[in-house]
Amino acid sequence: MLGDSLNGIRVIDFTQVAAGPVCTQTLADLGADVIKIEAPTGELCRALAPFVEGQSLGFMALNGNKRSVALDLKDPGQLEAALQLAASADVVVESFRPGVMQRLGLGYEDVRQRNPGVIYCSVSAYGQEGAWQHKPGVDGVLQAVSGLMSVTGLPEAPPCKVQVPVVDMVTGYVAAIGVLGALARRRRGGEDGGEGQWIDASMFASAIALQQMSFASYFADGVPPARIGSAAPYAAPNEALRCADGWIMLAAYHPSRWEALCGVLECPGLLADPRFRELSGRIAHRRELVQLLEERMTRRPRSEWLKRFEAVDIICAPINDYAEVIASPAFADAKLSETVRHPVAGELTLPATPLRAVGEVPRARRPAPLVGEHTREVLRAAGIAHDNEGNKTCL
């Protein structure tokens, strides 16, 4: 199974909130043993709403399949315990501001001295080098500074962010890919591998990569892309269109599909109109085109148009809310939700991992751990004493 791919790989997780935990949960979903190091009060995401029985849903969504060890890194003995765990790991992932782990004595060089083969991944707002390395950042701020908010929303509306934390998510996946590449290199051994690496996962760089097509266009013509709502700047019609009772996202810019669309809408005049004959003209006259298309489409319900469009192979889909998404055959067939039983929050339905092979149904994740739930278990296995007062002393 794909979920067994990283069996035998141990990850020490010093991350918090979203981007770092996405990385480590991805590694856990692939079979790695992920040990999350938290302060005795828990990491920051545990305090973020919404809550179920006092437990953060955000934390529970991003920390399944992990074990939690509570350590006070300001205490020398507990700091040494954390360093000993890191030195025995295959992978260390941290998401503090650059310099924090080094000041604690848990930086890459500190861990590498004890474990030369360690793969150490640092997740941060702007990377480990450069003029902005010490700036703080969160998802919305990175959406702003990376240009993403300048291309999101309608031209006449205020700046608009992607509502879900898309920069956090993509940074987590980029970090996981970097770790997987470093593991493959280390496994290869020889002159080109066998040693560890320090992976630099920057939210800023990841946000730029998320926009690589738009930046490539800007590099080519020097024209900053404008906000155009749901439309694709490179094609038309390729946008949300209004029906009598809802909206459809439609992509009919290929010549054969454009012709088929005009046929279904029973408006052959659009084909003959010189403004719309070529793709470049449809892009240039997008506003007029959308008005003409919606004049037809608002005469019938969304379900009828979807049937008609699909019958002639026009690419389209309803613009669904979350209730419609989870009721769709695609969601059910892909088994994209799972039920877990949390010791405090009770039975929960959460998103499932998208990582799977053909024909494979991934095992449900273990619930996210309570703060320090596995402290004694992990430290005892590592040969680190743990007294009744919660202090840790290296043996």
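From the phi of every residue in the stretch 114-122, what ³J(HN,Hα) in whole Hz does the Karplus formula 6.51 cos²θ - 1.76 cosθ + 1.60 yield, where θ is phi - 60° and glycine or proline is x?
8, 9, x, x, 5, 9, 10, 10, 10
Tell me the chymotrypsin sites (Phe, Trp or Tyr not before Pro) within the stretch 104-169 that lie in a loop according to DSSP and have at most 15 other beta-carbon atoms within 10 Å. Could the numbers behind the result be given before it?
Values: sites: Tyr108, Tyr120, Tyr126, Trp132; in loops: Tyr126, Trp132.
Those that pass, being in a loop and sparsely packed, are Trp132.
Please report how far the C-alpha centroid of the stretch 47-121 lies from that of the stretch 207-275, rounded to the nearest whole angstrom.
So the separation of the two Cα centres works out to 45 Å.
Looking at the chain, identify the longest residue range that excludes and avoids all GluC sites (Glu not before Pro) in DSSP loops having at most 13 other Cβ atoms within 10 Å. Display every interim value, and only then the final one.
Details: sites that count: Glu53, Glu129, Glu156, Glu191, Glu266, Glu278, Glu360, Glu389.
It works out to 279-359.
Size of the stretch 79-202 along its principal axes in angstrom, Cα-based, largest extent first?
Sorted from largest, the Cα extents of the stretch 79-202 read 57, 32, 24 Å.
So with the 1.4 Å probe, I'd like the accessible area per residue for the chain, rounded to whole Å².
51
Return the long-range amide H neighbours of Ala385 (sequence gap of 5 or more, or a different chain), with a cut-off of under 5 Å between placed amide H atoms.
Residues meeting the criterion, in which the H sits 1.01 Å from N, are Thr393, Leu395.
Express the Stokes-Einstein translational diffusion coefficient of the stretch 237-321 in µm² s⁻¹, to the nearest whole number, given a Kirkwood radius over alpha-carbon pairs, 10 °C and a viscosity of 1.306 mPa s.
Calculated translational D: 125 µm²/s.
Just order 100-106, 165-171, 331-337 by mean Cβ neighbour count inside 10 Å, highest at the front, would you?
With the highest mean Cβ count within 10 Å placed first, the list reads 165-171, 100-106, 331-337.
Please give the length that would be gained between Arg103 and Ala47 if that part of the chain were fully extended, namely 0.36 nm times their separation in residues minus their C-alpha to C-alpha distance (nm, one decimal).
Residue separation times 0.36 nm, minus the Cα-Cα distance, leaves 17.6 nm.
Ignoring solvent entirely, what values of log10 I(q)/I(0) come out of the Debye formula for the stretch 1-144 at 0.13, 0.22 Å⁻¹ when each Cα is a single scatterer?
Values, matching the q order: -0.59, -1.48.
Summing -39500 (n - 2.57) over the DSSP H runs of n ≥ 4 in the chain and dividing by its residue number, what mean residue ellipticity at 222 nm do you reach, to the nearest 500 deg cm²/dmol?
-10500 deg cm²/dmol
Any idea what the dipole of the chain comes to, in debye rounded to 20, about its Cα centre with Lys/Arg Cβ at +1 and Asp/Glu Cβ at -1?
260
Roughly how compact is the stretch 2-87, stated as its Cα Rg over 2.2 N^0.38 Å to two decimals?
Dividing the Cα radius of gyration by 2.2 N^0.38 Å gives 1.12.
Take the alpha carbon atoms of the chain, find their radius of gyration, then divide it by 2.2 N^0.38 Å using N residues; give the quotient.
1.18
If you look at just the Cα atoms of the stretch 198-263, how large are its Rg and its Dmax in Å?
Rg and Dmax of the stretch 198-263, Cα atoms, are 16.7, 57 Å.
Please give the charge dipole size of the stretch 258-347, origin at the Cα centre, charges +1 on K and R Cβ atoms and -1 on D and E Cβ atoms. Round to the nearest 20 debye.
Value, rounded to 20: 220 debye.
Looking at Leu250, Ala226, Val340, which one has the Cα that reaches farthest to the positive end of the dipole of the stretch 213-357 (charges on Cβ: Lys, Arg +1; Asp, Glu -1)?
Ala226
The values are calculated or read from the model by the stated rules, or taken from the named source; none is laboratory data. Just so we're clear, the structure is a prediction, and the values are computed from it rather than from any experiment. Note that we place each Cβ from the backbone using ideal geometry, even for glycine, and neighbour counts take in every protein chain shown. Note: accessible area is taken over every heavy atom of the protein model, side chains too, but ligands, DNA and RNA are not part of it. Shrake-Rupley method; radii C 1.70, N 1.55, O 1.52, S 1.80 Å.
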